[in-house]
Amino acid sequence: QCTLVCRPGAITEVDEIPILLESLKNKKGKVFVAQTAPAIRVNLSEIFGFPVGTVTEGKLVASLKKIGFDYVFDTSFAADLTIAEEATEFVERVKKGGVFPMFTSCCPAWVNYVEKSNPQLIPNLSSCKSPMSMLGALIKTDFAKIKKIDPRSIVSVSIMPCTAKKDEARRSELSDESGQNTDIVISTRELARLIKSKKIDYKKIPDQKYDKLYAEYTGGGVIFGSSGGVMEAALRSAYQILTGNPLSQLDILPIRAGKDGIKFSEVHINGSTVKVAVCQGVANAKKLVEKIQKKDPSVADLKFVEVMACPGGCVNGGGSSKAKNAKAVQDRAGALYKLDSNLKQRVSLDNSELKELYRRSLKGFGSHEAHEILHTHFKSKK
Ligand code: SF4
């Protein structure tokens with residue numbers, strides 16, 4: 001195994017391709033399931049010579065099938081699921097008087113910082129698992145049950161733009177009797193190397209679709225890959241839960257990716273003003289946290305904060321190809337926002353596969369069943 005140093009932080013990247021190839025070689029009786037993060041459909045395209053901001057999700061799915069995966073699911077579906085649970089959690093805190101501001105918990109580099117350096121913030125973190133870990137848990141439970149597969153024979157592989165996700169997948173909190181929620185994490189760069197080594201012509205391979213069950217995504221799910229996307233998606237859903245109606249303006253432009261390390265916005269819901277912030281980079285999050293802890297009046301009423309460790313979010317993740325410049329990061333994010341604006345369903349709660357999942361097994365947003373599978377806990381590692 002070779003080890004590389006993660007670009008945005010001091011996280012070690014372990015090349016898991018040898019483990020995957022060895023496992024595929026002895027495939028007998030095993031079912032190989034891949035999931036791909038929202039940002040991969042854009043990040044991978046550049047490596048194979050497409051213009052920056054080209055979406056190639058059909059070629060991504062087709063390449064993974066050719067490598068040997070039996071099923072390929074879209075983590076964007078699970079991003080909708082994370083938003084459904086996170087928006088529900090936020091609304092519960094509003095109604096019952098919980099800890100504020102609530103912080104997102106889908107970026108493992110940010111969670112590592114909180115657990116290791118600022119554990120007093122743990123009650124502020126959302127208890128939601130990340131989209132990768134939610135889908136990993138569903139694959140070993142819901143999917144295994146539907147397909148009548150022993151979960152122990154499933155090899156669950158996540159394709160992520162991120163090196164910190166390898167660390168997340170090994171968390172003891174993200175395992176059950178059938179093993180870890182996610183068995184192997186492959187970064188965008190690793191997948192590109194694997195596709196090349198298998199001599200797959202990425203530019204020419206005919207498109208294939210994600211497998212049903214966890215294939216559909218709304219605009220809220222796919223913008224997860226950009227800084228500000230998690231917050232925008234969460235506000236769309238929280239507004240709908242609290243008012244019963246969609247937000248009249250779904251585009252929340254002040255928090256979309258841009259140069260500012262900390263961005264603020266507010267949304268008016270049922271006569272109250274909900275103030276939110278979006279931080280790119282842990283250093284910016286630290287600055288905001290210091291202000292909150294010093295009770296600086298400028299951040300006194302903040303209710304919800306998104307933190308993504310990579311500048312620009314996962315489209316510029318540490319496991320992706322290096323963006324040539326800031327504009328390239330903007331163009332990658334722009335491709336996801338374009339997908340969002342062209343979709344009929346743009347609010348995560350309206351994902352029809354997600355509604356079917358709740359009918360089938362989760363019983364409702366924030367239910368006991370949903371907490372069992374989709375939520376986790378954090379602990380001080382200071
Ligand atoms: Fe990983 Fe960076 Fe995305 Fe955080 S922002 S989840 S570190 S790629």
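Each reported figure results from applying straightforward, stated rules to the coordinates on display, with no laboratory input. Computed from a predicted model, the values in this text were never measured in an experiment. Here Cβ is always computed from backbone atoms with ideal geometry, including for glycine, and neighbour counts include all displayed protein chains.
On the stretch given as segment 11-64, residues that are within 16 Å of the ligand (Cβ to nearest atom), hydrophobic (A, V, I, L, M, F, W, C) and either crowded, with 24+ Cβ neighbours inside 10 Å or part of a loop (DSSP other than H, G, I, E, B) (or both) total 6. Please specify each residue of segment 211-265 satisfying the condition of being farther than 14 Å from TYR337 by Cβ, free of Cβ contacts under 8 Å to residues at least 40 places away in the same chain and of a type in the set (Asp, Glu). ASP260, the sole residue that qualifies. In this structure, SER226 does satisfy being polar (S, T, N, Q), crowded, with 24+ Cβ neighbours inside 10 Å and within 16 Å of the ligand (Cβ to nearest atom). The condition (being touching a Lys or Arg at 6+ places or on another chain (Cβ under 7 Å) and either surrounded by fewer than 22 Cβ atoms within 10 Å (Cβ to Cβ) or of a type outside the set (Phe, Trp, Tyr) (or both)) is satisfied by just one residue among VAL289, VAL307, VAL276: VAL276. Pairs meeting the criteria (first residue in segment 89-109 and over 19 Å from GLY364 (Cβ atoms), second residue assigned to a loop (DSSP other than H, G, I, E, B) and basic (Lys, Arg), beta carbons under 9 Å, at least 6 apart or on different chains) are SER105/LYS129; CYS106/LYS129; PRO108/ARG171. The requirement of being of a type in the set (Asp, Glu) and either within 16 Å of the ligand (Cβ to nearest atom) or within 18 Å of LEU253 (Cβ to Cβ) (or both) is fulfilled somewhere in segment 290-306, by at least one residue. Residues of segment 127-167 being within 16 Å of the ligand (Cβ to nearest atom) and not in a helix (DSSP H, G or I), which ones? Those that are within 16 Å of the ligand (Cβ to nearest atom) and not in a helix (DSSP H, G or I): CYS128, LYS129, SER130, SER158, ILE159, MET160, PRO161, CYS162, THR163. Restricting segment 17-33 to residues that are aliphatic (A, V, I, L, M) and more than 12 Å from GLY68 (Cβ to Cβ), the residue that is nearest to the chain's Cα centre (by Cα) is ILE17.
Scanning segment 313-326 for residues that are away from the ligand (no atom under 14 Å from the Cβ) and either touching a residue at least 60 places away in the same chain (Cβ under 8 Å) or in contact with a strand residue (DSSP E or B) (Cβ under 6 Å, 6 or more places away or on another chain) (or both), which turns out nearest to PHE90 (Cα to Cα)? Going through the qualifying residues, I end up with ALA326. Taking first residues from segment 300-312 that are farther than 12 Å from GLY229 by Cα and of a type outside the set (Gly, Ala, Ser) and partners that are within 14 Å of the ligand (Cβ to nearest atom) and in a loop (DSSP other than H, G, I, E, B), the Cβ contacts under 6 Å between residues at least 6 apart in sequence or on separate chains come to CYS310/PRO8; CYS310/GLY317; PRO311/GLY281. In the set (1) more than 21 Å from the chain's Cα centre (by Cα); (2) free of Cβ contacts under 8 Å to residues at least 60 places away in the same chain; (3) within 22 Å of PHE378 (Cα to Cα), the condition left unmet by ASP150 is number (3).
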